[in-house]
Amino acid sequence: MSIFKTFLTRHILAPSYRCLSSSIRLASTAAVTDTSDEPVEIENPFQKEKKQCILCKLNITPDYKNYRLLSQFQSPYTGRIYGRHITGLCNTKQAEVEREIRKAQNCAFMPYYYKDKSFFKDPKLFDPENPIRSHRF
Amino acid sequence: MPTYELALMLRTMPKPELKSTLKRVATAVFDRGGIIRNIENLGFRAMPYKTSAHGLVHREANYFLFKIDSPTQAVVDLKEEYSRDVDIVRQRVFKVTDSDQHSCTLEAELLPPAYRKEVQKMIEIGKTQVNRFTYKFKYNSGLDYYPFQK
């Protein structure tokens, strides 16, 4: 009889025990899991702001009719168009500014060899004495 | 029909004459199947440089801006006709292009040279070329003499 008992416990009841225990373990893990404490996915707080040139930032498209704006990119002494190392514009905007200045000069809106003296007191967008990149002048 | 901007400088003249000149300019556009979208008067002001036109030197001009839609072939005709008009000191035609959005590339341009795309491309091209500073002529060329000046 005792042999039969041990057989029964080992081979028939044992799997059910296992089932029971595993189900208990599952229940206990579910009780512990609490997602409020987990690390949260956020964007990099130390990410620097994207550098933009002044015309891109203010969303300005240079136009040859707006010669007052264009004259700010011109030397007051010689009327020369300042380069990228001085104006600090991106490639596209610098090319646009240069093209529009040429057009304005050609249309006689803007002088070639000097800057209109009524625009001398306009705010300075950049300092020609301190270029952002070194140059050979 | 593409849109054009017609920048006109008209000589100094009294208002009635100016009116008739503008009418002449406008009818020239209409005659060639064009339409006028907009006329802007940019005022009478001193020109930044003196201009001689039709045997006269002009230092002031009436600035006008026409926005026109006209057939492409008509533009040359228009310019030719306006160049013959004695009241027009100077005229320029520009095609109007709508600006396409672009994102600022300033940050990529301010990187040190080795990180810039265009510089990397140049280096790649340079690798495919013969470096003329380190290139040495090989004497096993099949010639029994040195072909260049020593």
Original post:
Of the residues that make up segment B:91-104, is at least one among the charged types (D, E, K, R) and touching a residue at least 40 places away in the same chain (Cβ under 8 Å)?
Top reply: yes
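Residue by residue, here is whether (1) closer than 20 Å to A:ILE54 by Cα; (2) more than 9 Å from chain B (Cβ to nearest Cβ) holds:
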| site | (1), (2) |
| --- | --- |
| A:GLU96 | yes, no |
| A:GLU100 | yes, yes |
| A:ALA104 | no, yes |
| A:CYS107 | no, no |
| A:TYR112 | no, no |
| A:LYS115 | no, yes |
| A:LYS121 | yes, yes |
| A:PHE126 | yes, yes |
| A:PRO131 | yes, yes |
**OP:** State all residues of segment B:60-76 that are within 11 Å of B:GLY43 (Cβ to Cβ) and over 18 Å from the mean Cα position of the chain (by Cα); if no residue qualifies, say none.
**Re:** B:GLU60, B:ALA61, B:ASN62, B:TYR63, B:PHE64
Original post:
Are any of the residues in segment A:99-122 aliphatic (A, V, I, L, M) and within 27 Å of the chain's Cα centre (by Cα)?
Top reply: no
**OP:** Determine, yes or no, whether B:LEU111 is surrounded by 18 or more Cβ atoms within 10 Å (Cβ to Cβ), farther than 18 Å from B:MET1 by Cα and without any contact (Cβ under 8 Å) to a residue 24 or more places away in the chain.
**Re:** no
Original post:
How many of the residues in segment B:52-80 are within 21 Å of B:ILE36 (Cα to Cα) and buried (at least 18 other Cβ atoms within 10 Å of the Cβ)?
Top reply: 9
Subject >> Pairs, first loosely packed, with under 15 Cβ neighbours inside 10 Å in segment B:1-24, second part of a loop (DSSP other than H, G, I, E, B) and among the β-branched types (Val, Ile, Thr), C-beta under 8 Å, six or more apart >> reply: B:PRO2/B:VAL96
**OP:** Please go through segment B:30-49 and pick out each residue that is on the phi < 0 side of the Ramachandran plot and in contact with a helix residue (DSSP H, G or I) (Cβ under 7 Å, 6 or more places away or on another chain).
**Re:** B:ARG32, B:GLY34, B:ILE36
Original post:
Could you list, in sequence order, the residues of segment A:69-86 that are more than 11 Å from chain B (Cβ to nearest Cβ), out of contact with any helix residue (DSSP H, G or I) (no Cβ under 6 Å at 6 or more places or on another chain) and more than 24 Å from B:LEU111 (Cβ to Cβ)?
Top reply: A:LEU69, A:GLN72, A:GLN74, A:SER75, A:PRO76, A:TYR77, A:THR78, A:ARG80
**OP:** Tell me which residues, restricted to segment A:99-112, are touching a strand residue (DSSP E or B) at 6+ places or on another chain (Cβ under 8 Å) and more than 18 Å from B:HIS58 (Cβ to Cβ).
**Re:** A:ILE101, A:LYS103
Original post:
When you scan segment B:26-145 for helices (runs of 4 or more DSSP H) that lie fully inside it, which ones turn up with 2 or more residues that are within 13 Å of chain A (Cβ to nearest Cβ) and out of contact with any His (no Cβ under 8 Å at 6 or more places or on another chain)?
Top reply: B:106-109, B:117-128
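Residue by residue, here is whether (1) within 13 Å of B:ILE88 (Cα to Cα); (2) basic (Lys, Arg); (3) at pLDDT 95 or above; (4) under 22 Å from the mean Cα position of the chain (by Cα) holds:
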{"residue": "B:ALA46", "(1), (2), (3), (4)": "no, no, no, no"}
{"residue": "B:LYS50", "(1), (2), (3), (4)": "no, yes, no, yes"}
{"residue": "B:ALA53", "(1), (2), (3), (4)": "yes, no, no, yes"}
{"residue": "B:LEU78", "(1), (2), (3), (4)": "yes, no, no, yes"}
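The values are calculated or read from the model by the stated rules, or taken from the named source; none is laboratory data. No experiment lies behind these values; they were computed from the predicted model shown. Methodologically, a virtual Cβ is constructed for each residue, glycine included, from the backbone with ideal geometry; neighbour enumeration extends over all protein chains shown.
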